[in-house]
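Structure, as structure tokens:
Read-outs: derived from the displayed coordinates by stated rules, not from any lab. A quick note: this is a predicted structure, and the numbers were derived from the prediction, not measured. Note that we place each Cβ from the backbone using ideal geometry, even for glycine, and neighbour counts take in every protein chain shown.
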Amino acid sequence: MPSSSARTEPPTGRTLSFITISPAFDPQGQPRKPGALCIGAQKAGTSWLAQMLGQHPQVWIPPFKEVQFFNHRFIPGHRKWIGWHYRNKPDEIRTRHRTRNLPMPPELDAYLDGLTRGQMFHNHWYKRVFAPAPAHAMPMDFTPEYSALPDEGVDFVAEFLPKARVIYLIRHPVDRAISQLRMNLQREKRRPRTLADWMAEIGNPVLHDRGDYASYLPRWQARFPDMLVLPFGRIARDPQAVMDAVEAHLGIGPHPYANMRDKVFANRDPLTVPPQAIAALETHMAPQLAFLADRFGADFLAETR
């Protein structure tokens, strides 16, 4: 196992456009529960963290990253698009292999087919998701939507995974909402034309729901008091410190990560949100900012952006 002194600073300036999943794959592995969860927040660096931990031999991440199990059970409004997720992600993985002229491993193909046929989202199905994890590796579920689980959902997670190590990345509420808005508009191929259009967009409850830290953090910390909470801005300023904290929390050894300063899914043509819309978001998010400052301090809040 390499020592921390053996680490080297990776090159900068590149954009990673896909997730590097854990390369190890045990087709004879038995169904098992994950040992760790990354529960969010959406647009707060979870893909970057998956990119890093996907390189670590002691961590195993499913090839589609987000399992969407607990929210499927406890947030009925998510079920329609979760169905889309599982219809499309296996095809994306197969297409990725074809475009890179890589043979599709038959065991991976069989695994994807098996998970998306028949009854899904029951407890044993969830454990089957992590079956290919090597015996020496900790399976990990990265699903940002878990942060929004209701009380009974978090109770279920705590009962089902009582020893899980939980990570929550926190991004500045306004920045997070703007990033989500841009992503949603680009996915839907829409561009607001007028200020009134923009004001209508920022009033969408979905933008505020994913960043409701004042509701979600106490809920999760009550069941997982040792949950690791990290500010998003630290990823850019000191990615090594982030990974040191994550390794310590997960109980895994140090690893020389590649491309720590690269961006994942960087937006090359971001939409410009009018300042009036940003000001309205700042007003709406003021209680969230006050909550974060009160709970973690001003220095932590400053590091969320």
Problem set entry | Reciprocal of mean inverse Cα separation for the range 57-116 (Kirkwood radius, Å) | 12.9 Å
Problem set entry | Stretch gain in nm, segment Gln221-Ala298, where the contour uses 0.36 nm per residue and the Cα spacing is subtracted | 25.8 nm
Problem set entry | Pairs of lysines in the chain (C-alpha under 18 Å apart; 8 or more residues apart or interchain) | 10
Problem set entry | Values of log10 I(q)/I(0), in the order q = 0.19 Å⁻¹, for the range 85-171 under a Debye, Cα-only, solvent-free model | -1.12
Seminar exercise, completed: Share of Cα-Cα pairs in the chain beyond 24 Å, whole percent, is 55 percent
Problem set entry | Residues Trp125, Trp60 arranged by fewest to most Cβ contacts within 10 Å | Trp125, Trp60
For this session: Round to the nearest 0.05 the FRET efficiency obtained for Arg187 and Arg305 when R0 = 22 Å and r is the Cβ-Cβ distance.
Result: 0.40
Seminar exercise, completed: Scoring only Lys, Arg, Asp and Glu (+1, +1, -1, -1) among other residues with Cβ under 13 Å from the Cβ of Pro106 yields -2
Seminar exercise, completed: Taking alpha-carbon centroids only, the range 183-253 lies from the range 109-146 a number of Å equal to 24 Å
Exercise. Listed highest first by mean packing, meaning other Cβ atoms within 10 Å per residue, what order do 167-177, 210-220, 112-122 come in?
Worked result: 167-177, 210-220, 112-122
Exercise. Measuring from a point 7 Å past the Cα of Asp26 along Cα-to-C-beta, which residues in the range 39-67 have an amide N at less than 15 Å?
Worked result: 57-62
Exercise. Per-residue ellipticity at 222 nm for the chain, helices alone: DSSP H runs ≥ 4 residues times -39500 (n - 2.57), over residue total, nearest 500 deg cm²/dmol?
Worked result: -14000 deg cm²/dmol
For this session: Please provide three numbers in whole Å: the alpha-carbon extents of the range 148-270 along the principal axes, with the largest listed first.
Result: 50, 39, 20
Exercise. How big is Rg to Rh over the range 31-141, alpha-carbon atoms, Rh as the Kirkwood inverse-mean-distance radius?
Worked result: 0.94
